[in-house]
Amino acid sequence: MNLHARGTIKVAAVALGCAKNRVDTEEILGLLGRHRFTIAAAPEDADIVVVNTCSFIESAQQESIDAILQAARPSTGSRPIVIAAGCLVQHYGEALLQKIPELSGIIGVHSYKELLPFINRCLAGQREALILPPEKNYSSLGPRLLTTPAHSVYVKIAEGCSNRCRYCLIPTMRGRSRSRNPQEIIDEVKELVGGGAQEINLVAQDTTAYGLDLTGAPDLAGLLKMLLRAVPQLPWLRVLYAYPSRVSDALIDLIADRPQLCKYLDLPLQHAHSEILERMGRRYGTAEIEALIVKLRQRIPGLALRATYMTGFPGERRRHFQELLRFMQRHPLERVGAFAYSPQEGTAAASLDHPVPARVREKRRRQLMLLQKNISLALNRKLIGRRMTLLVDRVIENTPHGTLYYGRTQYQAPEVDGGVYFKTASVLKPGQWVSARIAAANPYDLLAVQPHPVQFPASK
Ligand code: SF4
């Protein structure tokens, strides 16, 4: 069927993986929406489905392949043109097109500026792999079509990573770290705040590497100052993916002193034993991260820290893992995510000696998360009785308790952290603010009472 002839071509996109990939997906939809493509409500209604894949670990790769096959076999409607984009394309290249006949084309993460002519060639029946090398500079494709609620938005400040951790393929897939022009970021944030954004979450592979590659550009703390000057009306600005050894005193002071900056920091620590951190190629040891956490706790009272840990890295013996658990008890963190090490072909770690059996890797991940569950519960219980400001994320109708609201404090990031449930006689919409008293806690979520709407964060 010649879709061109029909005039309107409906396109949908599936965003997999991290928040950075979600931003890419939104830029792709924005670009197509500006060039006579109609954005379909769901993949089933689309003529073209772009599956923006993830390839971080094995389970993410499988999820991406499943999403491609599902897009190619819609439960209703005719079979769409399916295009794969994202990290799986970078990782496997043309082999992906050969292996998955359901695909009509694949486009790499550095090729999105050529998306329109590429899609037209696919529409004309050309089955193509477009995988261009990274450009010297990184800039956005233009205004996005948001896939998150407009009140809470991710902003990508850089692409790629230069840290070269031994287990990670991202530098290979996404290239070295390239920072976006600061003015481009400021203009985008202004536009998003004008569109109702109450919370901006800054993302990159390593946000603390911002500006290091751009002559005359500010570093992350400098960029934050520029943003706070440009959008003084923005209630919440949050920093995600901070590389521990790059968290500067200037950044810490800014988070401590500026009410708009969420008292929240995401630190992918990966481990806490110096021997394992060194094997991973992380540029810090136990002493450095202990000192950093102590400094953060002293300088920013009430700060919520999120960390990611990896279990079962080659060479991790019981004593290393036990030390990690002891570290978590010495430095209880509010939020923790954990991955079992997943060997990735093409990484230095894949050929390291002393591999840990998969069942032991997974057993340690579960053990670690069980410990964290108790830590989170204890820390959440300390919030009971406090009145806190919540950003309403969603309304949950028809629950056994009637209409419930779900919101977050500044100490809870979207999607990855828990939230706060509450009931109120007021009729609220996502993006509104309430002040409420925490009445109960479980390891991940809180329950609040006595909510009352507020215009702007009244209390911390
Ligand atoms: S910091 Fe390390 S783990 Fe994170 S994206 Fe960069 S290379 Fe990968």
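In order along region 252-257, the Karplus-derived 3J(HN,Hα) couplings, from 6.51 cos²θ - 1.76 cosθ + 1.60 at θ = phi - 60°, round to 4, 4, 5, 4, 5, 8 Hz, and Gly and Pro are given as x.
Of the peptides 179-190, 294-305, the ranking by mean beta-carbon count within 10 Å, highest at the top, reads 179-190, 294-305. Between the residues ILE396, PRO451, PRO430, the greatest Cα displacement towards the positive end of the dipole of region 387-454, with unit charges on the Cβ of Lys, Arg, Asp and Glu, is found for PRO451.
For region 119-125, putting each phi into the Karplus relation 6.51 cos²θ - 1.76 cosθ + 1.60 with θ = phi - 60° gives couplings of 5, 5, 5, 5, 4, 7, x Hz, in residue order, rounded to whole numbers and with x for Gly and Pro.
Calculate the dipole size of the chain relative to its Cα centre from +1 charges on Lys and Arg beta carbons and -1 charges on Asp and Glu beta carbons; express the result in debye to the nearest 20.
The dipole magnitude comes to about 1220 debye.
For region 247-264 and region 114-171, write down the distance between their C-alpha centroids in whole Å. What the calculation gives is 30 Å, centre to centre. Cα extents for region 152-381 along the principal axes, largest to smallest and rounded to whole angstrom: 51, 43, 29. Between HIS35 and ARG229, the C-beta separation translates, for a Förster distance of 30 Å, into a calculated FRET efficiency of about 0.30. Each of LEU214, LEU227, LEU169 was placed along the dipole of region 98-234 (beta-carbon charges, centred on the mean Cα), and the one lying farthest toward the positive end is LEU169. Counted by Cβ distance under 11 Å from GLU128, the other residues give a net charge of 0, where Lys and Arg count +1 and Asp and Glu count -1.
Which part of region 312-352 falls in the paramagnetic zone of GLU362, meaning amide N under 18 Å from the point 7 Å along Cα-to-beta-carbon? Of the residues in region 312-352, 312-314, 338-344 have backbone N under 18 Å from the label point off GLU362.
Looking at this model, which pairs from LYS156/LYS363; LYS156/LYS373; LYS156/LYS423 are more than 32 angstrom apart at the alpha-carbon?
On the way: LYS156/LYS363 34 Å; LYS156/LYS373 30 Å; LYS156/LYS423 34 Å.
Table pairs above 32 Å Cα-Cα are LYS156/LYS363; LYS156/LYS423.
Two decimals is fine: what is log10 I(q)/I(0) at q = 0.07, 0.10 Å⁻¹ for the chain, from a Debye sum with one equal scatterer on every Cα and no solvent? Taken in order of the listed q values, log10 I(q)/I(0) reads -0.38, -0.79.
Shown here for region 62-162: trypsin sites (Lys or Arg not before Pro) in loop regions (DSSP other than H, G, I, E, B) with at most 11 other Cβ atoms within 10 Å, namely LYS136.
Taking amide hydrogens as placed 1.01 Å from N in the peptide plane, the amide H of ALA40 sits under 5 Å from those of VAL11, ALA12, each at least 5 positions away in sequence or on another chain.
Amide H to amide H, with H built 1.01 Å from N, VAL454 comes under 5 Å of TRP433, VAL434, SER435, counting only residues 5 or more places away or on other chains.
Surface analysis of region 61-214 yields an accessible area of 40 Å² per residue, using protein heavy atoms and a 1.4 Å probe. Here region 19-86 and region 406-460 have alpha carbon centers that stand 33 Å from each other.
How much of the accessible area of region 152-381, probe 1.4 Å, is carbon plus sulfur, in whole percent? Display every interim value, and only then the final one.
On the way: 4600 of 8910 Å².
Carbon with sulfur: 52 percent of the solvent-accessible area.
The values are calculated or read from the model by the stated rules, or taken from the named source; none is laboratory data. Given the structure is predicted, the values throughout are model-derived calculations rather than measurements. Methodologically, a virtual Cβ is constructed for each residue, glycine included, from the backbone with ideal geometry; neighbour enumeration extends over all protein chains shown. Side chains included, ligands, DNA and RNA excluded: accessible areas come from the protein's heavy atoms. Shrake-Rupley method; radii C 1.70, N 1.55, O 1.52, S 1.80 Å.
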